[in-house]
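Right, one structure below, let's go through it.
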Amino acid sequence: MSKTQKKTKVAQTQSKSVTHGPVDDRPPGGIKLGPCETAAANVEAYFNELALSKVNQLSPCDEDKGGCPCHSGGGSGSTSPKVDLIVLIDTSGSMENTAVAVSNAVVEAIALAKSECNTDLEITYLGVEGTWPGTVFLTNHRDYIVTHNGTVPLVADDPYVGYQPEQGANAVEDLSKYAKWREGACRSIFYISDEELDSISPTGDFANETLATNNAIAAANLNDVTVFAHHLTYQGRGPNIEQNYQDLCDQTGGMAYFSVNTPSMEEYVKMLKEIICDACGSGCKEAEFPDLAPCISVAWGDSDCDCMETNDFEVLAITVCNCYSNVSFGNLSIGQIIVTDALGNPVALLPDGSPSVEIHPPGALCFGTLGPCTDDTPSCVTREIVVYTRGAIAGKYLLKFEGVCYSIAYTGNSEACFAFNLCKD
């Protein structure tokens, strides 16, 4: 599961709707589609409608790969994504009302989630080192782990001065390692607290707080666990603590919620429904890409002894190359070319108000499409600019290319396999 989503919510949800059937031939912006585009869009909508009406889905040959979580078609077949969700709550005294609100929300939230995203859900409610009688949080995370794994080394057992019912980061780390996850299920933890991730004591111990958070992130990612969290901020622990909550969720692919006051049951219904439906990364998500960029070089001069002078006219060759064998850079352009002094400040002006060092043209330069590198030879395109100096101050200058824009086309291949049975006549 790719963990690249970065999301923040403030105790609210977004409504989504999908409309099917013939399309409007006036897209956003008011530009009317031509007859070919309109016809093609109508056919596409027709086939999408047919796909949504199907009630069974084939199972992938490799069950670990799951199905297609962002596809809303296919109804009630056995391929509903498995979701294992642990709802984990701080059991310090200030969290009692929150535990009640969550407990009152779970039945409606589960029903709403199953109607919207059709998951095969298994949900567990745990308290950090304690329980909340009269709520769904009747088991503490330590007893749960011992029940399913026996006696194992827990981070919570390490010597530490603090308040154990608030050590959420340690609990997330231990559960990521030792929870009873079903094979092939999307693994997720939803942690709820009004305190620091490493407990209130000592307050403001940011170094240990961040260390515990980073250890929880590492354990979650190593065990493919997505972490969601709801931090109630009325204790006023500050931006560093909120950032740790944000990092815990962002860096594991989950979502962070923040509230000033304890949310109502209805607000927890919305939160839980979103978390259940997003546990497998359902819906659109960002793909992880390596840092790919074209190679830009600048050459000038007719000989080794050539020098740019304070009154001069030099032609520079700007060469952009693609050094990758499986990537193309499309519609590559440099939006603006500027020159500054060594500190990045504008160059000195002449008495007539014009700059003492000018670039012609200042942009834009278009390089078209750079295809892949072949036979160990980069694909390169060159354009020329002129540096024009008049009464400039001698010294170091900077030539900056701003707005280097391009699209990336990646050439790859994959395969898919689905199993099916034939029933005897």
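The numbers here are math on the coordinates, done by the rules we state, and not lab data. In this text, all values refer to a predicted model and were calculated from it rather than measured experimentally. Ideal geometry is used to build each Cβ from the backbone, glycine not excepted, and the neighbour counts take in all protein chains shown.
Write out the trypsin sites (Lys or Arg not before Pro) in segment 331-425 meeting two conditions: DSSP loop, and at most 14 other Cβ atoms within 10 Å of their Cβ.
Numbers: sites: Arg383, Arg390, Lys396, Lys400, Lys424; in loops: Arg390, Lys396, Lys424.
Of the trypsin sites (Lys or Arg not before Pro), the ones in loops of segment 331-425 whose Cβ has at most 14 other Cβ atoms within 10 Å are Lys396, Lys424.
In units of 2.2 N^0.38 Å, what is the alpha-carbon radius of gyration of segment 183-280?
Taking the Cα Rg and dividing by 2.2 N^0.38 Å, one obtains 1.08.
Could you work out how far apart the two model spin labels at Phe47 and Met265 are, taking each label as a point 7 Å from the Cα in the direction of the beta carbon, and quote it in nm?
4.7
DSSP loop GluC sites (Glu not before Pro) in segment 309-414 with at most 12 other Cβ atoms within 10 Å of their Cβ, which ones?
Values: sites: Glu309, Glu314, Glu358, Glu384, Glu402; in loops: Glu309.
Qualifying residues, ordered by number: Glu309.
Most exposed first by the Cβ proxy, i.e. fewest other Cβ within 10 Å, how do Ser259, Ser407 rank? Working shown, then result.
Details: Ser259 19, Ser407 10.
Ordered from fewest to most neighbouring Cβ atoms within 10 Å, Ser259, Ser407 come out as Ser407, Ser259.
What is the dipole size for segment 295-410, taken about its Cα centre, with +1 at each Lys and Arg Cβ and -1 at each Asp and Glu Cβ, in debye to the nearest 20? The partial results should precede the final answer.
Working: 4 positive and 13 negative charges, 89 e Å.
Taking the Cα centre of segment 295-410 as origin, the dipole is about 420 debye.
Residue by residue, what Karplus-based ³J(HN,Hα) values in Hz, rounded to whole numbers, does segment 311-323 have, using 6.51, -1.76 and 1.60 with θ = phi - 60° and x for Gly and Pro?
In residue order, the calculated couplings are 10, 7, 9, 10, 9, 10, 9, 9, 10, 10, 10, 10, 9 Hz.
Report Rg(Cα)/(2.2 N^0.38 Å) for segment 295-410, keeping two decimals.
Numbers: Rg = 16.4 Å, N = 116, 2.2 N^0.38 = 13.4 Å.
Scaled against compact globular proteins, the figure is 1.22.
In whole Hz, with x marking every Gly and Pro, tabulate ³J(HN,Hα) for segment 132-144 from phi via Karplus 6.51 cos²θ - 1.76 cosθ + 1.60, θ = phi - 60°.
After applying 6.51 cos²θ - 1.76 cosθ + 1.60, I find 10, x, x, 10, 7, 8, 9, 10, 8, 5, 5, 4, 4 Hz.
Between Cys307 and Cys380, take the C-beta separation as r, use R0 = 25 Å, and let me know the FRET efficiency to the nearest 0.05. Display every interim value, and only then the final one.
Numbers: r = 26 Å, r/R0 = 1.05.
Once rounded, the FRET efficiency stands at 0.40.
How do Cys280, Cys186 line up, fewest other C-beta atoms within 10 Å first? Display every interim value, and only then the final one.
Details: Cys280 22, Cys186 26.
Lowest count first: Cys280, Cys186.
Give me the distance in nm between label points sitting 7 Å out from Cα along the Cα-to-Cβ direction at Phe401 and Cys61, one decimal.
Going by the 7 Å Cα→Cβ label model, 4.5 nm.
Quick one: which of 189-200, 326-337, 118-129 comes out on top by average Cβ neighbours within 10 Å, and what's the full order, highest first?
Details: 189-200: 25.9, 326-337: 16.7, 118-129: 20.9.
Top to bottom by mean Cβ count within 10 Å: 189-200, 118-129, 326-337.
Starting from the Cα-Cα distance between Leu292 and Ala409, subtract it from 0.36 nm times their residue separation and give me the gain in nm to one decimal. Display every interim value, and only then the final one.
Details: separation 117, 0.36 × 117 = 42.12 nm, distance 1.09 nm.
Once the chain is fully extended between Leu292 and Ala409, it gains 41.0 nm.
Looking at segment 162-222, which trypsin sites (Lys or Arg not before Pro) are DSSP coil and have at most 13 other C-beta atoms within 10 Å of their C-beta?
Details: sites: Lys177, Lys180, Arg182, Arg187; in loops: Lys180, Arg182.
Qualifying residues, ordered by number: Arg182.
Can you list the residues, at least 5 places off or on another chain, whose amide H is less than 5 Å from the amide H of Met255, using H built in the peptide plane?
Hits under the 5 Å cutoff: Phe228, Ala229.
May I ask which of Lys114/Lys177; Lys114/Lys180; Lys82/Lys114; Lys177/Lys273; Lys177/Lys270 have a Cα-Cα span longer than 20 Å here? Kindly include the intermediate steps, with their values, before the conclusion.
Details: Lys114/Lys177 27 Å; Lys114/Lys180 22 Å; Lys82/Lys114 12 Å; Lys177/Lys273 25 Å; Lys177/Lys270 28 Å.
Correct reply: Lys114/Lys177; Lys114/Lys180; Lys177/Lys273; Lys177/Lys270.
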